[in-house]
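The values are calculated or read from the model by the stated rules, or taken from the named source; none is laboratory data. As the structure is a computational prediction, the values presented were derived from the model and not from experiment. Backbone-built Cβ (ideal geometry, glycine too); neighbour counts: all protein chains shown. Only protein heavy atoms, including side chains, enter the accessible area calculation; ligands, DNA and RNA are left aside. Shrake-Rupley method; radii C 1.70, N 1.55, O 1.52, S 1.80 Å.
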Amino acid sequence: MEETEKKLISVVVPCYNEEAVLMQFYDECISSIDELSGELDYEIVFIDDGSSDKTLDIMRELSKIDVNVKYISFSRNFGKEAGIFAGLSHAKGDYVVLMDADLQHPPKYIPRMYDAIKESGCDSVGMRRIRRSKKGRVRSFFSRRFFRLMSKLGNTDLPEGATDFRLMTRAFVDSVLSMSEYNRFTKGIFNWVGYKTQWLPYPDTERAGGKTKWSFWSLLSYSVEGMVAFSTKPLAIASVLGIVICFIAFVMTAVVVLKTLIWGEPVAGFPTLITVILMMGGLQLLVMGILGQYFAKAYLEIKNRPIYIAKEKNV
Ligand code: UDP
Ligand code: MG
């Protein structure tokens, strides 16, 4: 077999306190990639996102026993999005797979994704999770709402259950990296760069060990960030809301004037007054809050800070 004709596949794995699963992940990943060893060389790029456990030690160890293991360690926790950016920037592969360390993105699907990307000629193959396990009913309800709202607001076409588990071509990765914004919402970025994506469904799986880093509230704020990052529609909605309220106020003024002219002025109307005052106050705060969100994001972008800071790496 011609050694030189082999292409390279990079596996990018952001990790935050994953000591419980990292070894198992590595084993499963290797045995899956092994199936492709006739066609592909591999490298694994681990990103230690400021873990406080033994995650980095395990990475160092793995890189000693396997020269194809690369790692980058952040100076603190910068978040998964920063990890993804760092991993993609260091990946050298003709193909790049992005996946979680906790085996919720089962490595056994990599060969199938590779086949799909070759057959379909797409530049990316994404995995779509079907049905969250019974546990998180509330979560899955909100997750569905999120996907719907996102596709309405952002004119994006994000299928339900779309995960970050993805195989991409070099062209796709380079396009993703060309978006150098600070406020990174990977799902939106993947969508924004275009190309054709093929979605493969797979059944939801539990974490192999360790704990999820997401609470309900962090997920909620993440979705708000996503919307602010990829849509300016909330701003438009705010103005429309203002217009509608003005119109209602106008009609109400007319009604009040007419009523006074016809029936004189009784002292009633206190509850209405309070309701209107509260509603107006609430709406104004809401709209100001929306403006504030965009302002805050713009502020952070202007500062032009680095997306992450690495304190140790072997790439
Ligand atoms: N992760 C990260 N930085 C963070 C939070 C998470 O790199 O600040 C990684 C984490 O190690 C895992 C992936 O992102 O590999 C997904 O995280 P998690 O499994 O906690 O999320 P969930 O699957 O529950 O949505
Ligand atoms: Mg997970």
Grab the helices (runs of 4 or more DSSP H) fully contained in the range 145-260, keeping just those with 2 or more residues being surrounded by 11 or more Cβ atoms within 10 Å (Cβ to Cβ) and at pLDDT below 85. 186-192, 216-230
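Would you confirm whether or not the range 69-79 contains a residue that is in contact (Cβ under 8 Å) with a residue 24 or more places away in the chain and farther than 17 Å from Ile309 by Cβ?
yes
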Yes or no: Ser140 open to solvent by less than 30 Å² (accessible area, probe 1.4 Å) and within 16 Å of ligand 2 (Cβ to nearest atom)? yes
Only one residue in Ser223, Ser215, Ser180 is away from ligand 1 (no atom under 16 Å from the Cβ) and of a type in the set (Ser, Thr, Tyr), so which one is that? Ser180
The range 82-118 - residue that is open to solvent by 40 Å² or more (accessible area, probe 1.4 Å) and closer than 24 Å to Tyr222 by Cβ and, of those, nearest to the chain's Cα centre (by Cα): Gln104
Would you mention how many residues in the range 26-76 are closer than 30 Å to Arg112 by Cβ, more than 16 Å from ligand 2 (Cβ to nearest atom) and within 23 Å of the chain's Cα centre (by Cα)? 5
What are the residues in the range 281-314 that are hydrophobic (A, V, I, L, M, F, W, C), under 24 Å from the mean Cα position of the chain (by Cα) and assigned to a helix (DSSP H, G or I), if any? Ile290, Leu291, Phe295, Ala296, Ala298, Leu300, Ile302
Given the conditions (1) surrounded by fewer than 21 Cβ atoms within 10 Å (Cβ to Cβ); (2) more than 16 Å from ligand 2 (Cβ to nearest atom), every one holds for Gly79 apart from (2)
Give me the pairs, please: first residue somewhere in the range 289-315 and under 29 Å from Ala236 (Cα atoms), second residue anywhere and charged (D, E, K, R) and exposed (fewer than 12 other Cβ atoms within 10 Å of the Cβ), beta-carbon distance under 6 Å, and either six or more positions apart or on two chains. none
Residue count, the range 17-50 (criterion: in contact with a strand residue (DSSP E or B) (Cβ under 8 Å, 6 or more places away or on another chain) and either open to solvent by 50 Å² or more (accessible area, probe 1.4 Å) or over 22 Å from Ile84 (Cβ atoms) (or both)): 4
